[in-house]
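Structure first, then comments.
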Amino acid sequence: MAQQSGAIWITRFPASKSLSDLSSPFRENAKRFIDALTSAGATVTIANTYRPPERIYLMHWSWMIFKRKCQPADVPPMTGVDITWSSGNVGADIAAATQMAVAFGIASLAVAPALNATSRHLTKSAIDMNISWAGNLTIKSQADQEVKISSAPRTGMNKDLQAVGRSYGVIKFHGGDKDRPHWSIDDW
C-alpha cells in the first residue's frame, strides 16, 4: 500500500557510508586520500558512498518538489518504491517533500541529486565527505611529496587540497558550491 512522502522515507533504501562499498580502484584511492588527510590532522566525516537507485529516486524528486522545479503530481513512479507524492493537497505534498529534502541533508544543494544511471554514487565511484582542519595542513600527495596548505578555506573546498585529492584519483565535483561534499572518479 502506497505511503505519503515525508521524512519517514529517509530510513528506507539506506545509503552506505563504508569505503568497502566503493568500486576498485576508487575504493583504494579514496582510502589512501582519507588516510593522508587524517595523518595530516584533518577531520573527515563520510556522509555517503554507495546509494541504491531507490534512494537516489527519493532524494532527486524530494529536492525537485522542495525547490518547486516540478509539481508532486508530475513525479514518475518507480517500481519498488510505493510512495505517494501527490495527495491532492499541493501544500501538504510540498511540505512532505521539504521534510524529506531536509532529512536527507540535501535542502541546501544548488543542484538536484543525479537521477540517471551515470550517478557516481550508483556506480560506487563517489564519496560525499566533509573535511576540515585548523591552522596549516601538511599532507602527502600520492607521489609521497609533502604539500603545505596554508590557504583558506580549511575545508574540502580548498583548491590546494583538491589538487592533492586529484593526485590520488579522488576528484572534487566541478560545480563548486553546488555540491560541497562530493568527490568522485572524475569531476562529476
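The values are calculated or read from the model by the stated rules, or taken from the named source; none is laboratory data. Since we're looking at a predicted model, the values are computed, not measured. Neighbour counts run over all protein chains shown; Cβ positions are idealised from the backbone, glycine included. These accessible areas exclude ligands, DNA and RNA; they are computed on the full protein's heavy atoms, side chains included. Shrake-Rupley method; radii C 1.70, N 1.55, O 1.52, S 1.80 Å.
General remarks:
- Two-site label geometry, D186 and N89: point separation in nm, points 7 Å out along Cα→Cβ: 4.5 nm
- Listed residues D93, D35, D144, most fluctuating in the chain (Gaussian network, C-alpha, under 10 Å): D144
- Choice from I127, I56, I83 with maximal GNM fluctuation in the chain (Cα, 10 Å cutoff): I83
- Size of electric dipole in the chain: Cβ of Lys, Arg +1 and of Asp, Glu -1, about Cα centre, debye, nearest 20: 240 debye
- Straight-distance candidates among the aspartates and glutamates for linking to K67, with alpha-carbon spacing under 13 Å and chain neighbours fewer than 8 residues away dropped: D93.
- Pairs beyond 29 Å (Cα-Cα), from K31/K69; K69/K124; K17/K159; K17/K172: K31/K69
- Apportionment of accessible area to carbon and sulfur, the chain, percent (1.4 Å): 53 percent
- Region 84-135 - accessible surface per residue (Å², probe 1.4 Å): 43 Å²
- Think of the chain as having a plus end and a minus end, set by charges on the Cβ of Lys, Arg, Asp and Glu; of A143, A47, M1, A143 sits farthest toward the positive end of this dipole.
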